[in-house]
1. In segment 134-165, how many are over 16 Å from ARG108 (Cβ atoms), at pLDDT below 90 and not in a helix (DSSP H, G or I)?
2. LYS107: modelled with pLDDT of 95 or more, out of contact with any helix residue (DSSP H, G or I) (no Cβ under 7 Å at 6 or more places or on another chain), of a type in the set (Lys, Arg) and assigned by TED's automatic domain parsing to the domain that holds ASP122, yes or no?
3. Quick test of your reading of the structure: MET9 fulfils all but one of (1) of a type in the set (A, V, I, L, M, F, W, C); (2) outside any helix (DSSP H, G or I); (3) modelled with pLDDT of 80 or more. Name the failing condition by number.
4. Restricting attention to segment 123-166, report how many residues are of a type in the set (A, V, I, L, M, F, W, C) and either assigned by TED's automatic domain parsing to the domain that holds LEU98 or touching a residue at least 12 places away in the same chain (Cβ under 8 Å) (or both).
5. Search segment 101-122 for residues being in contact (Cβ under 8 Å) with a residue 24 or more places away in the chain and not in a helix (DSSP H, G or I), and hand back the single one that is farthest from CYS81 (Cα to Cα).
6. Could you tell me whether any residue of segment 56-75 is buried (at least 17 other Cβ atoms within 10 Å of the Cβ) and outside any helix (DSSP H, G or I)?
7. Can you pull out the residues in segment 27-55 that are under 17 Å from ALA104 (Cα atoms) and not in a helix (DSSP H, G or I)?
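The values are calculated or read from the model by the stated rules, or taken from the named source; none is laboratory data. This is a predicted model, so every value here is computed, not measured. Using ideal geometry, Cβ is built from the backbone for each residue, glycine included, and neighbour counts are taken over all protein chains shown.
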Amino acid sequence: MKTTTLKTMTKKEARSFLEEKESWRLYAAGISLLKKNNLSEAILAFEEALEHDPDDPHCRSYLGLAMSMEGRKGREAVELCEAAAKADPYNSELLHNLVKVYMACNKRRKAHGVLSRARRIDARHTGLMDTMKTMGSRRPPVLGFLPRGHALNRTLGKVLSSFRLR
């Protein structure tokens, strides 16, 4: 079995290997900065990591998350996280980031849909469970035979809630 080292690689292979290593270093630094809530530096680290590896869905997802946490470029943050989730649709961590970004952009309905999909993929993911608890779940409509948005369901729901009967 032949082992590959930097000396035995072609220049193109070696450059690709080193760029991936640099991308990973920047990604890890971005995650660390994000955990410390140093958002502007985390964004810079993720952007630089994407320069080395533009197709990395993890860098895209966390860049979008950091942007939404900083409260800027909501549309771009959503696009980054959606692209990352589309590139790796069975990764619960990327879906969790998309849920957080949707919630930051007040897209609650989309967040619920993605959250339920992510929970089907990984039911034991602690971040997903915590997010589910904070989001809560909707009660069923008062009149189950009518759609949730029907005027009667909305009115009855408000009336019953005001009397704390629901």
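1. So the count comes out to 4.
2. Answer is no for this residue.
3. (3)
4. So the answer is 9.
5. Among them, the one singled out is ASP122.
6. Taking every residue of segment 56-75 in turn, at least one turns out to be buried (at least 17 other Cβ atoms within 10 Å of the Cβ) and outside any helix (DSSP H, G or I).
7. Passing the criteria: only ASN37.
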